[in-house]
Each structure stands twice: as C-alpha cells, then as structure tokens.
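A short reminder: the numbers here are calculations on the coordinates, not readings from a lab. Given the structure is predicted, the values throughout are model-derived calculations rather than measurements. Neighbour counts run over all protein chains shown; Cβ positions are idealised from the backbone, glycine included.
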Ligand SMILES: O=P(O)(O)OP(=O)(O)OP(=O)(O)OC[C@H]1O[C@@H](n2cnc3c(O)ncnc32)[C@H](O)[C@@H]1O
Ligand SMILES: [Ca+2]
C-alpha cells in the first residue's frame, strides 16, 4: 500500500502544474474550434428581389426573382419565387385605350407588393420588357405605342419599387436572354459546360439561339451576340423571326388561303365540322399581313375546317420563303443559319402545344409524331370539344394548326432532321423557374453574372470545420507528447522494495 502511495506521489501527472496546463490546453483547443465554427457559421439567409414584367403580344406576365442578399455579386442562385398572369390581352392590344394597359397591370403589381417583404420594396428593381406585339404596334403606329408606354410607366411608378424603365426588346435581346436563362438555370454557364440552344415560340415572333462550332460571327454579324460569362467566351447565333409567332403565323396562313377569293375558307388546319364567321378587317389588322388585303373584300368570311395534316402543312409552307439565300446556308426568308448544334430547349408555345398534344417526348420517332398529329387533325370538332370541355375554345380550335406549324417550323424552317429532332426537349420550367427571356434580362441588367469566374472559398464550410478540428486534435496530441519527460517511467514489473 505504501509503495502504491509512493508511486502516486512520484507521478508528475498528479502535480498541480501539469493538471493546470492540461486543463488550459483542453480549454484553449475547445475555444479555438468553437470560435472557428461560430465565426464561419452561415448567417441566417436574407433575400433580395427583382421584378420583371414580360409584356408579350398575347399577354403580360410578372415574375418575381429572389437571391441570397450576401451573394448577389456572383455565387448565389437567382430563383423565380412567384409569377402572376395579367388578366386580359397584351399591352399592344390597348392601342386605342392606353390607360387600360396601365390599369391591367395593377392586380399583379399589388400581388408583388404583398410577396416582396416591405423593407425590400425600395431597393427592388422593376423592369418591363415588351416583345413582338409592341414591335409590330411601333412599326404600325409609333404614336400609339408611345402612349401605351407612357400609361404603363405612370401605372408602374405608383408602386414602391425601384422602377427601371419600360422598353421594347430587340429580337436579338429576346433570343439571347432566353438562351442565358436556360443555361443559367441548368448551371451550364458557371461550370463552363456545353450549352443548350433556346427555341422560343411566342404569339407574334419566334426565336432560335444556339452556339455552333462552325459560327464565329463573321458570316451575318447581325445574328451574332458575344458574351463573356464566368470566365468563358460564348459566340451565340440568334435570330428572331417577326410575324412567325403562333398567332401571326396563323394569320399569314389564313390570309394566304383567303387570297383564293371571298366567301368560305375551307381550312385543312382546323377540325372537320369547325365553322366560324370571321372578320376580314380583324384578320388583316397586322403589319404581318396588311399588304395582302384583297381589294373589295366583304366584311366577313366563313372559316371552316376539313382537318388534313398534309394539306395544312402545304399551306403553312407557303408562308416561308426557301428560295432566297445569299449566305452559305439559310433557315428561311434569306436568313443565315449555321449548322444546328444541340441540345435544345423549346419553351413557351412549343411547350403549351406539344404538352396538350401529348407529344413532348422527342424520343418518339418524328414519323410517328406526324401520324399522331394527322389523326388528331382529322378528329371531328364536336368530338374534340367533348373530350376537352375545360380548355379555352380558342386554344382548342388551334392545336391542330399549332402542332403542324411547330413541326413545319422545326423541320422545314430550321432544318431539324428525324435524328436531330430528338435533341429537342420541350420544357416549361427549369428547377421551378419559367424558361423565357425575363431572368436573363434581369441578370444582365443587374450585372449578376460576372465576366470572370468568381473567387470561391477554397473549402466548403463542412470541410473547413473538419480540418480545424483535426488540426486541433493533432496539436493536443503533440502537446501531450511534449510532456513526455514528465511521464512516469513504469517498468513492466515494478519492483516493490
Ligand atoms: O413573345 P411574343 O411573341 O410577344 O408573345 P407572348 O409572349 O405573348 O406569347 P406566349 O409565349 O405567352 O404565348 C405564345 C402563344 O401561345 C398561346 N398560348 C398560351 N397558353 C396556351 C395554352 O395553354 N395552350 C395553347 N396556346 C397557348 C398564346 O395565346 C400565344 O399565341
Ligand atoms: Ca414571349
């Protein structure tokens, strides 16, 4: 017993100094790790917001975007948090009553006021971009288009957001910002991955934008847009075809048929049994067709369907000019287009129409898609109406035309083949945000995509904490070893004297 007590007394671990040093060492290490973890803990998220109004030819939509407040200069992801469809037609339809154009936006703007936290209102940028409907109105009657903008501006300025202006986007901007949106949402830009082309089908115009290895912008420079994003250079081919949106293309196809003479138009793009009385003035009230108005036409004509896909496609082809091309290759109407290079995302009316027709799956062979559409177009109008009692009649009547137009535009217009058709994906949203030009437009105007790759911390938070902890433990072990001279010298067989 006395020998044991003697050993205990000789054991330096039991001296007050070593106990104090050990305790201080442990406390210091725990403090180091705690401070490191607390200092680098992610802060509670605060968000910033941006609002874009897409004043399209057929309707206006409001989008609210949100991103982490700390990271607006590059690393944070911008996401769509809310969208609001403005009731009524597009703002260009209010040419004869501009005040109504401003009023029409009020409901969605009030919704935005509710959705964006009050303390962020004043710093939230608000943009309005108008597309082909206003482009056409501006061509036809610039005074009327200015009045519409004035009314819209007055209405928007009444709200507490940071109003940044309302303007008409050029076709190039519309196409290229659609491409930016799709590739930003897919994380292709930041990672420098191969990009996705963008196909947008609106009511009054349609856009095609893609990067092609054989296009450097020298042939037809007006189709070239260059971007430097996250340290990568992109040379984008883009073209917007005014009048080739779904509604104006239908107008042009109908106008082509009504040239045959007044009276009845028997339209293969409409279902058998479909019949409506339509107004010539309304049909020709657009710069896309106004020069074709027949002399002395009666006020109305009878528009009836006979549902024939092949005949419909023939009529649609008549609105494309495939003969003039002064470049090495063209899509149509003498417009240069380099070799297609996929993949492609097709959105807006491409999606609405192909989704309704159950044809969004592009692994279905193109010939089968055409067969299905042929059967659909030949289905009597009564039957179609009975099968879809809840779909807006205007849309329902036009799906045969719209589906045929989409296939004709893609294959005959842009030269997609049976093989490259499967490179197209019909999409509505990407990770919860709508595909369209609005997000790309806002990212550009707020400088939220840097030209150079952002400096990211060398380690993620979890990696950082693990490394600090491991180093702390190593220091502790080293510390223990540094006390080695003080360790008791125990032999295997202690001799008890
Ligand atoms: O780009 P622009 O040409 O200015 O036109 P927009 O922006 O108004 O055009 P949208 O993409 O909103 O719509 C394209 C077309 O699709 C139509 N559309 C919208 N929703 C639809 C649906 O559910 N089914 C069928 N068509 C639809 C709409 O009326 C237009 O003719
Ligand atoms: Ca549009």
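Points worth noting:
- Rough spin-label spacing in nm, given labels placed 7 Å along Cα→Cβ, for residue 466 and residue 452: 3.1 nm
- Of the beta bridges in the chain, as assigned by DSSP with both residues counted there, near 65 percent are antiparallel.
- Per residue Cα convex hull volume in Å³ - calculated over the chain: 236 Å³
- Degrees between helix 142-157 axis and first principal axis of the chain (Cα, 0 to 90, nearest 10): 30 degrees
- Antiparallel DSSP beta bridges within the stretch 169-437, as percent of all bridges there, nearest 5: 70 percent
- Across the chain, C-alpha contacts under 8 Å between residues 6 or more apart give a mean separation that, scaled by the residue count, equals a relative contact order of 17 percent.
- Length-normalised contact order of the stretch 169-437 in % [C-alpha pairs under 8 Å, at least 6 apart]: 23 percent
- Estimated at 0.36 nm per residue, the fully extended path between residue 158 and residue 19 surpasses their Cα-Cα distance by 42.9 nm.
- Footprinting exposure proxy for 325, 84 (fewest neighbouring C-beta atoms within 10 Å first): 325, 84
- Taken along its principal axes, the alpha carbon cloud of the stretch 149-225 reaches lengths of 48, 29, 23 Å, longest axis first.
- Principal-axis tilt of helix 461-482 within the chain, Cα atoms, nearest 10 degrees: 10 degrees
- Helices in the chain, meaning DSSP H runs of at least 4 residues, each add -39500 (n - 2.57). Divided by all residues, the mean residue ellipticity at 222 nm is -12000 deg cm²/dmol.
- Put simply, the stretch 169-437 fits an ellipsoid with semi-axes of 34, 21, 16 Å; these come from the alpha carbon gyration tensor as the roots of five times its eigenvalues, largest first.
- 0 to 90° range, to nearest 10: angle between helix 366-378 axis and the chain longest Cα axis: 50 degrees
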